[in-house]
Amino acid sequence: MFSSTARSSLALCALALPLLLAGCSTAPPAAVRPPPPPAPVPAAPPVVPVEAEPATPATQPAVEFIASTAGPVAAVLAYADKVRTLSPQEAGSELQRLGDPGDAPLVQMQVALALAQTRNPGDLAKAQGLMQKVAANASEHAQPLRPLARALAYRYGEQRRVEDDRDKQAQQLRDVQKRNDQLTERLEALRAIERSFSRPNNTAPALPAPKPASP
């Protein structure tokens, strides 16, 4: 038989044993790790301004810029839109700037478009000839421009016929006016002659008075 002291010690041990077992079986809580810092947002690349088309009208850099970005047909159309507002004097200056187009189809079409704005006799025929040359050019550079060159050559031909008819009509009107003026002058001359015949003759000498009879 155990003494009362021993029984008390055993009871305490029996009570402490489950606590010790529970403490041994329970793992210590894991340390809470802080969330990782947010990834840095990459800086936006610097905005590089896109080269814009030069604003100066009818300049070769503008045409070359459009030709390299949108194609030669777009360059010709843009050039045509710019030169159509030029005065004849400005078109002449533009022709001096362009110079001899040589065998370059794009420059040939530019020269033709400028020639069509000079209003000088014969320049429209030169413009039509240049467009026909581009339309007949079988080179690689002329291929995309040939349909537009044919259309413009036809248009210039129609414009020449209209202008020729207008000049003929104007000349006919001048001839008719000239004949009318000549007829009017002749009619006035005939009327003057007629008036001279119908005017009384006041210049005839007066007859002498009769002498009285003698007594």
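A short reminder: the numbers here are calculations on the coordinates, not readings from a lab. This structure is a prediction, so every number in the text was calculated from the model and none was measured. Glycine also receives a Cβ, built like all others from the backbone with ideal geometry; neighbour counts cover every protein chain displayed.
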Give me the distance in nm between label points sitting 7 Å out from Cα along the Cα-to-Cβ direction at R150 and D165, one decimal. 2.5 nm
Once both labels are modelled 7 Å past Cα along the beta-carbon direction, what's the T69-R195 spacing in nm? 7.7 nm
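Any idea what the dipole of region 60-166 comes to, in debye rounded to 20, about its Cα centre with Lys/Arg Cβ at +1 and Asp/Glu Cβ at -1?
Charge dipole, region 60-166, about its Cα centre: 220 debye, nearest 20.
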State whether region 70-119 is rounded, prolate or oblate according to the following rule on the C-alpha gyration tensor (a ≥ b ≥ c being the square roots of its eigenvalues): a/c under 1.5 gives rounded; otherwise a/b larger than b/c gives prolate, and the remaining case gives oblate. oblate
Assuming R0 = 35 Å, can you tell me the calculated FRET efficiency for the pair V176 and R97, based on Cβ-Cβ distance, to the nearest 0.05? 0.20
Charges on Cβ only, +1 for Lys and Arg, -1 for Asp and Glu, centred on the Cα centroid of region 91-196; of A116, L152, V162, which one is farthest towards the dipole's positive end? V162
